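Undergrad: Dumping the structure here so I can ask a few things about it.
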Amino acid sequence: MSHTAEIRYAGPSPLGESGYRTGLDWNTHGRARARAAEIITEHRAGRTEVVRGAHLLFDWAAHAVRSPDLLRVVQETIGGSVAVENTFLMIKWPGRDFPVPWHQDGTNPRMQLDPELSVAAWLAVTDATTINGCLQVVPGSHAAGYLDYGREESDAQRGKALGVQGMPNGPHERGVWLPLDAGQACLMDVRLIHRSDSNMTVGARVGLNVRYVAPGAIRPSGPHSPSLYPLTGSDW
Ligand SMILES: O=C(O)CCC(=O)C(=O)O
């Protein structure tokens, strides 16, 4: 089933021409790796791949979303009042087919995010490399605004991801890999097109995806609005 973007929101990004920013830390390398070891131990038996709302379930994730370096830059980008709209913990296990198709974080059948008032973050809990499934982004792709998308064809238990229509099923000639060490993070415009590959190594890759919003960022498609998790400010 395909979806047409309700509002395109084409235009410049609060994160500049590339539409993304690296060089941020959400934790020390050692602490992030120690956390990853615990997560891997906890989820190994069930081979859990996606945990939605991780900030509501795990203390470490609730702390991670408010880590000072990250939150400072989020506030510089979208303003002083910040809430978490959602988080996804993603574990790519060795030997599992788990590519994430090209997509934009700020649009789905339930809502659209205003790109001036929202920003996505990806936090490396393990190291993320080109071989174990780090992100690949298309710089500047935010400028065209939201694109039409459809659900991927997959029978994986984790559910079907949303993919931008007309994108190749794999790397893109204009794509840039964003390898990160455990403890590092990147910020992305919510319209930036990005993807990741399956993990081809023998160890698990763990990442936390966070969507931050400012008041007024969410345009719901139906009667239900997501419940927000305020971090700063009093306008909620
Ligand atoms: O963790 C990944 O590999 C991809 C995550 C992602 O792009 C997302 O959840 O929006």
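Undergrad: Farthest toward the dipole's positive end in region 38-108, which of Q75, P101, W60, given Cβ charges of +1 (Lys, Arg) and -1 (Asp, Glu) about the Cα centre?
TA: Projecting each Cα onto the dipole axis, the largest value belongs to P101.
Undergrad: May I ask you to give the percent of accessible area on the chain that is carbon plus sulfur, with a probe radius of 1.4 Å?
TA: Answer for the chain is 50 percent, counting heavy atoms of protein chains only.
Undergrad: ³J(HN,Hα) across region 214-221 via Karplus (A = 6.51, B = -1.76, C = 1.60, θ = phi - 60°), whole Hz, x for Gly/Pro?
TA: Residue by residue, region 214-221 yields 9, x, x, 6, 9, 10, x, 8 Hz.
Undergrad: Ignoring everything but the protein chains, give the 1.4 Å probe accessible area of M90 in square angstrom, nearest 10.
TA: 50
Undergrad: Here is a further query. Work out the charge dipole of region 124-236 with +1 on the Cβ of Lys and Arg and -1 on the Cβ of Asp and Glu about the Cα centre, then indicate which of G133, Q184, P220 is farthest towards its positive end.
TA: Ranked along the dipole, the leading option is P220.
Undergrad: Hey, another quick one. Over the chain, what per residue volume does the convex hull of the Cα atoms give, in whole Å³?
TA: Numbers: hull volume 28.0 nm³, N = 236.
Dividing the Cα hull volume of the chain by its residue count gives 119 Å³.
Undergrad: In Å², and per residue, what accessible area does the chain have when probed at 1.4 Å with the other protein chains present?
TA: Values: 10670 Å² over 236 residues.
Solvent-accessible surface per residue comes out at 45 Å².
Undergrad: Determine the order of R219, R47 by accessible area, beginning with the largest, at a probe radius of 1.4 Å.
TA: R219, R47
Undergrad: Heads up, I need the accessible area for L162: 1.4 angstrom probe, whole protein in place, Å², nearest 10.
TA: Approximately 40 Å² for this residue.
Undergrad: Let me ask you something else. Rounded to the nearest 10 Å², what accessible area does Y9 have for a 1.4 Å probe in the complete protein model?
TA: In the full protein context, Y9 sits at about 50 Å².
Undergrad: Specify whether the C-alpha gyration tensor of region 1-113 places it in the rounded, prolate or oblate class, a ≥ b ≥ c being the square roots of the eigenvalues: rounded for a/c under 1.5, otherwise prolate if a/b is larger than b/c and oblate if not.
TA: Oblate shape, in that a/c is at least 1.5 and b/c is the bigger or equal ratio.
Undergrad: When the Karplus curve 6.51 cos²θ - 1.76 cosθ + 1.60 is applied with θ = phi - 60°, which whole-Hz ³J(HN,Hα) does each residue of region 37-53 get, with x for Gly and Pro?
TA: So the J values, rounded to whole Hz, are 4, 5, 4, 5, 4, 5, 9, 5, 4, x, 6, 4, 10, 9, 10, 7, x.
The values are calculated or read from the model by the stated rules, or taken from the named source; none is laboratory data. Computed from a predicted structure; not experimentally measured. Methodologically, a virtual Cβ is constructed for each residue, glycine included, from the backbone with ideal geometry; neighbour enumeration extends over all protein chains shown. The area values use the complete protein model at the heavy-atom level, side chains included, leaving out ligands, DNA and RNA. Shrake-Rupley method; radii C 1.70, N 1.55, O 1.52, S 1.80 Å.
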